[in-house]
1. Against the condition within 28 Å of the chain's Cα centre (by Cα), open to solvent by 60 Å² or more (accessible area, probe 1.4 Å), within 26 Å of M7 (Cβ to Cβ) and not polar (S, T, N, Q), how does E145 come out, does it pass?
2. So which of L115, L28, L103 is more than 30 Å from V166 (Cα to Cα), within 45 Å of the chain's Cα centre (by Cα) and modelled with pLDDT of 90 or more?
3. Determine which single condition D138 fails, assuming it passes every other condition in (1) open to solvent by 40 Å² or more (accessible area, probe 1.4 Å); (2) closer than 22 Å to D123 by Cα.
4. For segment 335-367, give me each residue that is touching an Asp or Glu at 6+ places or on another chain (Cβ under 8 Å) and open to solvent by less than 10 Å² (accessible area, probe 1.4 Å).
5. Exactly one condition in (1) buried (at least 18 other Cβ atoms within 10 Å of the Cβ); (2) not in a helix (DSSP H, G or I) is not met by G151; state its number.
6. Which residue, of R329, R351, R320, is more than 20 Å from P273 (Cα to Cα) and at pLDDT 90 or above?
7. Report the residue count in segment 379-405 for those that are in contact (Cβ under 8 Å) with a residue 60 or more places away in the chain and open to solvent by 80 Å² or more (accessible area, probe 1.4 Å).
Amino acid sequence: MDSSLPMLEPIVIKPISSPPFECSGVGLTYKGQCRETIDNLNAWLFPKRKSTTATPLKRSKDWWLAQLQLYGCKIKSASTLATLSDSLKTALSNGLQGPPEHLVQLELELNRRFLLENAKARDKQYLRLDDNAKAEFDSHRFLREKFGETGKEEVLVLQIQQRQRVHEAAEELGLHTISADAPGDAGARWIVVGKNRAAVWDRKNEIEKKRKLWEDEETNAKRKKTEAMRKECEAGGKGKFVDVEGEWSIDCSKMDKEYRKADRRMSIFFHRPLPEEEEEEDCSDYSSGCHSDDDQSNQKKKQNPSAVTTTSRLLCANFRMGILKGILRSTTEPPLSSSKFPAEDVEFSWRGRETGEGEIQLDYEGNVNTGVLTFLSKTQLRGVLRSSFGDFPFSGNKIGKVPLNKDYCWSKYSESAHERERVARWR
């Protein structure tokens, strides 16, 4: 192709037409089909090794028509597939070497015309864009303009989504790039481009320092909002223990440090479990760890007092604690009418899932999944969540008078559900 012609990409116009052909800058097509090489056609239609199990070449009728049209062979479009196939084979057997000269010239003319028209339209569109959009639209051109012989940029920061295009174009032009976490959006990433690697890294570090300051400001803003909501909930006097029901924001610095920061919540409510809401531990389908005699059943209940159905009104909470989620419930009925704060400690057990592999966490094995809540007021608490991952002290502030999740899902995390999932994982 003539090196004086503009580049093909990016394409911004539709194919140009010269019936029955079209062109998008890389040769003629017929009904969307391109011309195959003579070598490929011979290899497909006249395989050297014949086999009784060989399958015939399967192509659409448009494909067969396209090969004949693009090689200048006369054929009726109404012909059958067999006729088209035989016609192409006959042409190849008779020494077909390539398209006739008039098609070669037409192809050259349409390729040139397409490249020029596309470049004109592309240039018009490019000039209307800002720098970020230009970098995404035509990375090579943009970087050449900014860092080429006439370009004066040393380091450039681009706030774009399609960073990979810029990375690749910069590498081809001998430039350095790196992505940086950007301020202003929790998932925002910018790309830094420059001639000097050290300068690029310096700018990246500057951006990520600003990101850290932005995150600190966001955290402080959330704390202020939580405190304002807590004070709103506190309004109206000290209240009674029953007033702790609501939506709570939870802080757990140990979990933040050992795992990751997360939005931790508890929806605290009071519930009197009914018999049908408790799990029916049916171990008849499993061959191990299942017992049916009364002594073993009673022993299990001693190990897991919370598994005994109760008519008491219990404190319950659906919680999301980052690496753990599930439901907790008090082991005894709390003093609902008491107005004394700080209130007596509320012991609880819990069930749920770890949020990595999603495995169910039960509440009776070695009494691991337990904890305690201490309500300092109707809007403030502290507590400890004990688990196989460790013990996690936490604090909480009430941010809403109505709990967002009052679904009593204790039986959802039963021993039988755990066993079913365990068996399924090994199938």
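The values are calculated or read from the model by the stated rules, or taken from the named source; none is laboratory data. Small disclaimer: the values here were computed from a predicted structure and weren't measured. Using ideal geometry, Cβ is built from the backbone for each residue, glycine included, and neighbour counts are taken over all protein chains shown. Accessible surface areas use protein heavy atoms only, side chains included; no ligands, DNA or RNA. Shrake-Rupley method; radii C 1.70, N 1.55, O 1.52, S 1.80 Å.
1. Details: within 28 Å of the chain's Cα centre (by Cα): no; open to solvent by 60 Å² or more (accessible area, probe 1.4 Å): yes; within 26 Å of M7 (Cβ to Cβ): yes; not polar (S, T, N, Q): yes.
No; evaluated as a whole, the condition is false for this residue.
2. Working: L115 fails: more than 30 Å from V166 (Cα to Cα); L103 fails: within 45 Å of the chain's Cα centre (by Cα).
Just a single option satisfies the conditions, and that option is L28.
3. All conditions pass for D138, except number (1).
4. S349, W350, R351, I360
5. It fails just one condition, (1).
6. On the way: R329 fails: more than 20 Å from P273 (Cα to Cα); R351 fails: more than 20 Å from P273 (Cα to Cα).
Answer to the check: R320.
7. Here is the first cut: in segment 379-405, the residues in contact (Cβ under 8 Å) with a residue 60 or more places away in the chain are 379-381, 385, 387, 389-390, 392-405.
Narrowing the set further to residues that are open to solvent by 80 Å² or more (accessible area, probe 1.4 Å) leaves 401-402, 404.
Adding up the residues that qualify gives 3.
Residue-by-condition table, conditions (1) open to solvent by less than 60 Å² (accessible area, probe 1.4 Å); (2) under 30 Å from E9 (Cα atoms):
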site: N42; (1), (2): yes, no
site: G72; (1), (2): yes, yes
site: A78; (1), (2): no, no
site: S85; (1), (2): yes, no
site: Q105; (1), (2): no, yes
site: L110; (1), (2): yes, yes
site: A119; (1), (2): yes, yes
site: R122; (1), (2): yes, yes
